[in-house]
Amino acid sequence: MFYCNDCAEKNGYPETLSKSFGKCEICGNNASCNDCPTSKLINYTNIIVSMTKTSEDGTVAVVPSTKKQYPIIDVKPNGIPDWYTGAFTLCFVYSKNAGNFILRGFRGEVEKYLQKNYHHYFCYWSMWHNGQARGHWDFWKDHVGFFEPSKARKDWKYQVRPYTTFGEHGTTPEQIKAMTFSFKRLPKRWIPEFDVF
């Protein structure tokens, strides 16, 4: 796709090293345009509905939920885009007390906002930079991890368990087993079993 720098900024598209002068496919103006495969583009402004309500302190904007969408909280960015703390982020949160919702913003600010305002949750981080995405699962307590199905473990299920192994910190195999939960698919809400952590 060919798009000018103005359209790249408006749509959150990356600026590319490969450029050519011609007609922008978005606005139609002749300019030095970025050349990027459409499959690598994501229009952040169209991910969810555009209805927002800014909070009094200006730090977040809340998008009301609908039957098919979770509420979205926009966290105001303070930093500069980069590959980690400055990566555009959608954080899908499944919490015990606040239900399911999405935090949207840069990774650094979103993480601080999440840790400051919530507890008893697990979440999926979807981070975007230069049209490429990566992500991982996370738990509100640092010592608990998500382990994806693995051939090495000969286990085709997800596991949620402490990082602690047998013998570490005086733990027994029975204690580890009692705090290990296996799932064919991870739940899409907080479940009572996670209270053990």
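Structure notes:
- In this calculation the C-beta distance from M179 to A152 is compared with R0 = 30 Å, giving a FRET efficiency of 0.90.
- Ranked for footprinting exposure by Cβ neighbours inside 10 Å, fewest first, S20, S182, S95 give S20, S182, S95.
- Modelled FRET efficiency - R0 25 Å, L186 with K141, Cβ distances, 0.05 increments: 0.90
Since every read-out is calculated from the coordinates, none of them should be taken as a lab result. In this text the structure is predicted, and so the values were computed from the model without any measurement. In this analysis, Cβ positions are derived from the backbone assuming ideal geometry, glycine residues included, and neighbour counts consider all displayed protein chains.
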